[in-house]
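Working notes, structure below.
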Amino acid sequence: MTAPFLILAALAVAGTAAAMGLRNGVHCVLALTVGFAALAALYLQLGAQFVGFTQIMVYVGAVAILAVFAIMMTHHPGLIEAPFSRNWLWGAVIAAAVFATLARAISLGTASAPSAPPEPSATVNQIGDALMHRYILPLEIVGLLLTAALIGAVIIAIDPKDREESE
Amino acid sequence: MIAAALTTQDVDQIFVLIKHALLACVPAALQPIASAVLSIIPILVAFPLLFAITTVLERKGLGRMQNRYGPNRVGPAGFFQPIADGIKSLTKEDVVPLSADHAVHFLAPILLVIAAFLGYAVLPIGRNMVLVNLNAGVLFFFAVGSVVELSVFMAGWSSRSKYSLLGAMRAIAQMISYEVPLVLASVVVIMQAGSLSLVTIVESQSGYTGIFPHWYLFTPWGIAGFILFMIAATAESNRSPFDLPEGESEIIAGYFIEYSGFKFALFFLAEYLGMFATSSLAITLFLGGWAAPLSFLTFIPSYVWFFLKLLVLICFFIWIRGTLPRLRMDQLMGFAWKFILPMALLNIFVAGLWRFLPAGPLNSIRWLVCIGVLAAPCIVLSFSLKQKKKLLVRTYHFAE
Amino acid sequence: MSSLQSYLLLSALLFSIGLAGALTRRNAILVLIGIELMLNAANLNFIAFWRFGPHPANRPDALTGIMFAIFSIAVAAAEAAVGLAIILAAYRHSRTTDLDRMNHLKG
Amino acid sequence: MIGNGILKGLAETARNFFGSYVSKDRLTTVQYPEQHIPQIEATRDFPFLVYDGADWESGMRCVACQICEKECPPKCILITKSTDKKPDAVGKPQFYPAVFDIDISVCMSCQICVEVCPFDAIKMDVQFDLPTDDRFGGLLLDRHKLAKSNEYYHQIHPTEATAVDTALAAERAKAAAAKAAAATPKPAAPAAPAPAAPKPASSTATPAPAPVAPMPVKPAEPPIKPLASESSKPGETK
């Protein structure tokens, strides 16, 4: 429990809580990017440089932008919506229960964990080697998945009217 | 006497030596902080200064290209113009639109400038002159670059103006489209150097054959990668001919139209810092970073070479800006996805081919094969993408 | 409290926030974001276990935590893209992203 | 060849850039406050009032007929007719403008006032750099600022001024001849030489003894109407 960890954890929790609680959709996404950036900083704190930078690149650079665009494309200026569902209390109770269960499990299950083992190294070279040898099959599958997702997303999102015109 | 005692090596390392000398005066407990501050301040000074010089160079150069003088009133030959501009933007009223989202509107330029400065953290400006030698330096650079998109969106969205929103949409679409070829064009260098650390990449190019350096530019995939990288970098930094996000004739100034005074100046600063950063990355990846271009010129300090190369690239950007007209949006997107992206992918293949073809006596064959593999699809692509529509002679019905 | 525990607790908190958002928000996009958040909490778990877990040096699976996080990020990106595309398509059909009003299949 | 056009363009701009240091022809900029482009004769921007002779007040050709005020499309002219009469260039008693203001921040330089003036009293000036730090009063020119001599008119528009002078002289000669024919024979004062500036002046300056204001038909009406149409202008409300 060091000071950087506390600051970053507070940022992450504040950002994500704001993302789930604010009324304006775009504000939610902007708050979410703060949370994601704090998470990336936590990864760096843990010594996982590659994952941290990938997190920023993917979440701040791509997912947040996508979400923001989706919010703007589906925005009705005249429509005033309640931000939360009618039975929001149930959701909150379930989430709180899940957190309580998890917290109890963590405090019971990992009490014997070593406090600070020597930092394992994960240089980009090692990650690259592992990706190209031991994890080559998952890598190829993820590549296929991403290609399929890209094409699928374009086909789903394209306006049917545009599709007819282009044919 | 002291000057005579300085060897060329000392001159090369003078900033490093000064920093160490200054650090020695600081108590040991404060040394990490002092070291960080001493490393950051030169970057915070040097690059905004370069921005000031570039603005006046750009305006004068563009003026000369368009048969006019540039700014020539303030100071000798107009070279104090940036000072006047700075005073003006600092003293101007800061107008915030009434309906703007104030918090986001305020944060956008700050985030943009911070993101633009962060990129310099991993760029080696001279020998032993890098802020942090990150293991994943190139990745860091591109990760920081993606924050720019978000701040551009924040600026465009929070202004509640149709022009700024359109500008932001254009900017984001363009930046995302060209980020892909930008990364792919730099992948070839990473493949060859076997490292994501920019310091290692520069060191792997620092040898000489005879008097000629081992820059990655002097390989078929290197030159193709450099050209692709520079095209993508031009688009990424919203420079002409890819300056649609701020196309003056259509959307006036794009995403920062509702900003004034100092915040407007921050946007300009960030834009130019982004251009310098991507140019510096191009220098580091393809042009040998701070290495001297010829082996007998190594007595000139490394940082001088770095900034000279940077200036050359900036002049090239200005030259391009003075020459080419702005593209249309569909041309821009088509160019990115139909030409640059396939060529960048092919370039990666060529880099692999280069690696596995034998060097030595068959070197010229290796060159020919690689150039052939690159050139044939390039010509085919460019001819097939050429617009075949014949333009009709326009007739005017009511003018006669 | 050990370091591992604090990271795991943070991860559990983020997971619960994401879950609460996914269960209570009406806007489909924000529900999707809540799910992304839960995935991220899981990633934090992987990285924390990789960092603090027992792992003898030079084992071939020493990088499993990192690898899992990387693949999870890639899958999450794909999920976000397809999910947002589906939301856009649904919006085009029903002119709303309010999940409480997308109830045409209700009897 | 692909990219040929780009290379050609780059060569052109490079030639421009380096050429600008060698040949002065490539720099077409006029350094404005120090240098001016020579104006063509038909240059016009804002109107001014022509006077004959040396004294602007007595030599003014304007008789406050208010045609220009009525015709002015943006309504930038304000005229208040005098209550008394003064002899004009030929000695005939005429009204004169007690107030003649032109708001050149409103004027659109259409030259309609010049077209409609039956007395050739209002003409177009060429003075275009009229910056001022007083944005209300500074651009509102009164009749003293508007008055320019006939010589000045000759200077800026020589051909036009000569034609105007000839026409004026002919008209005055005709009027004098008619007068002479009708009344007792009397030598006509302006014998119509072509440039005709100094002579009428000398003849008008002397018979100044005010011909005791005959106060014709409608005395108090004129100042009200223009004010009503122009009261919205900030420069004139004070």
Once the in-chain neighbours fewer than 8 apart are removed, the aspartates and glutamates whose Cα is under 17 Å from D:LYS75 read D:ASP45, D:ASP101, D:ASP103, D:GLU115, D:ASP142, D:GLU230, D:GLU236
Starting from the Kirkwood Rh over alpha-carbon pairs, what translational D in µm² s⁻¹ does the stretch A:1-76 have by Stokes-Einstein at 25 °C and 0.890 mPa s?
192
HN-Hα J in Hz across the stretch B:132-141 - Karplus 6.51, -1.76, 1.60, θ = phi - 60°, x for Gly and Pro:
9, 8, 7, 4, 10, x, 4, 4, 4, 4
Nearest 20 debye, what's the magnitude of the dipole of chain B about its Cα centre given +1 on Lys and Arg Cβ and -1 on Asp and Glu Cβ?
1020
Can you find, among C:GLY18, C:LEU30, C:HIS93, the residue sitting farthest towards the positive end of the charge dipole of the stretch C:18-107, where Lys and Arg contribute +1 and Asp and Glu -1 at Cβ?
C:HIS93
So, in chain B, how many Lys pairs have Cα atoms under 25 Å apart, if the pair is 8 or more places apart or on different chains?
13
Out of B:LEU266, B:LEU196, B:LEU49, a Gaussian network model of chain B with alpha-carbon springs under 10 Å gives the largest mean-square fluctuation to B:LEU49
Give me the percent relative contact order of chain B, please, defined on Cα pairs under 8 angstrom at least 6 residues apart.
20
Run the quick spin-label model on B:CYS25 and B:ILE40: label points 7 Å from Cα toward the beta carbon, then report their separation in nm to one decimal.
2.1
Taking amide H positions as placed in the peptide plane 1.01 Å from N, state which residues far from D:THR43 in sequence (5 or more) or on other chains have amide H under 5 Å from it.
none
Could you work out the relative contact order of chain A, using alpha carbon pairs under 8 angstrom and six or more residues apart, expressed as a whole percent?
16
So who's got an amide H within less than 5 Å of the one on D:PHE48, skipping anything under 5 residues away but keeping other chains? H placed 1.01 Å off N, in plane.
D:LYS123, D:MET124, D:ASP125
Would you tell me the mean number of C-beta atoms belonging to other protein chains that fall within 10 Å of each C-beta in C:44-53, as a whole number?
6
Centre separation in Å (Cα based) which lies between the stretch A:3-24 and the stretch D:16-61:
66
Sequence order, the stretch A:89-98: Karplus ³J(HN,Hα) from phi using 6.51 cos²θ - 1.76 cosθ + 1.60, θ = phi - 60°, Hz rounded, Gly and Pro as x, gives 5, 4, x, 5, 5, 4, 4, 5, 5, 4
Quick one: compute a quarter of the convex hull surface over the Cα atoms of the stretch B:179-317 and quote it in nm².
9.6
Hand me the trypsin sites (Lys or Arg not before Pro) from the stretch B:139-244 located in a DSSP loop with no more than 15 other Cβ atoms within 10 Å, in residue order please.
B:ARG160
Sort out the exposed loop trypsin sites (Lys or Arg not before Pro) in chain A (DSSP loop, at most 12 other Cβ within 10 Å) and tell me the longest stretch that has none.
A:87-167
Assigned charges on the beta-carbon of Lys, Arg, Asp, Glu; the protein assembly as shown dipole about Cα centre (debye):
720
Using alpha carbons only, how many angstrom separate the centre of the stretch B:47-70 from the centre of the stretch B:155-223?
25
Among B:ILE223, B:VAL380, B:PRO27 - extreme Cα towards positive end, dipole of the protein assembly as shown, charges at beta-carbon
B:VAL380
Other chains' Cβ within 10 Å of B:323-335 residues: what's the mean?
1
Computed label-point distance, nm, for sites D:ALA181 and C:ILE86 using a 7 Å Cα→Cβ extension:
10.6
Expressed in nanometres to one decimal, the distance between label points 7 Å along Cα→Cβ at D:GLU57 and B:ILE371 is 9.0
GluC sites (Glu not before Pro), restricted to the stretch D:35-142: which are DSSP loop and have at most 16 other Cβ atoms within 10 Å?
D:GLU41, D:GLU57
For B:ILE18 and B:SER204, what does the FRET efficiency come to when R0 = 22 Å and r is the distance between their Cβ atoms, rounded to the nearest 0.05?
0.20
Taking the dipole about the Cα centre of chain B, with the C-beta of Lys and Arg at +1 and of Asp and Glu at -1, give me whichever of B:LEU281, B:LEU391, B:ILE300 is farthest to the positive side.
B:LEU391
Please work out, to two decimal places, the log10 of the ratio I(q)/I(0) at q = 0.04, 0.09, 0.10 Å⁻¹ from a Debye calculation in which every Cα of the protein assembly as shown carries one identical scatterer.
-0.32, -1.04, -1.20
Considering amide H positions built from the backbone, and no H for Pro or chain starts, which residues 5 or more places from B:SER260, or on another chain, come under 5 Å of its amide H?
B:VAL95
Per-selection metrics, the stretch B:272-332 (Cα): Rg and Dmax in Å
14.6, 49
Once you treat every alpha carbon in the stretch B:30-385 as an equal point and sum by Debye, what is log10 I(q)/I(0) at q = 0.10, 0.11, 0.15 Å⁻¹?
-0.66, -0.80, -1.41
In whole Hz and in residue order, list the ³J(HN,Hα) couplings for the stretch B:316-326 that follow from phi through the Karplus curve 6.51 cos²θ - 1.76 cosθ + 1.60, θ = phi - 60°; x for Gly and Pro.
5, 4, 5, 4, 4, 5, x, 9, 9, x, 6
Share (percent) of C-alpha pair distances in the stretch C:3-101 greater than 18 Å works out to 57
So which trypsin sites (Lys or Arg not before Pro) in the stretch D:41-83 pass both tests, a DSSP loop state and at most 13 other Cβ atoms within 10 Å of the Cβ?
none
Magnitude of the Cβ-charge dipole of the stretch B:1-101, K/R +1 and D/E -1, about the Cα centre, nearest 20 debye?
480
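Each reported figure results from applying straightforward, stated rules to the coordinates on display, with no laboratory input. Keep in mind that this is a model prediction, so the values were computed, not measured. Ideal geometry is used to build each Cβ from the backbone, glycine not excepted, and the neighbour counts take in all protein chains shown.
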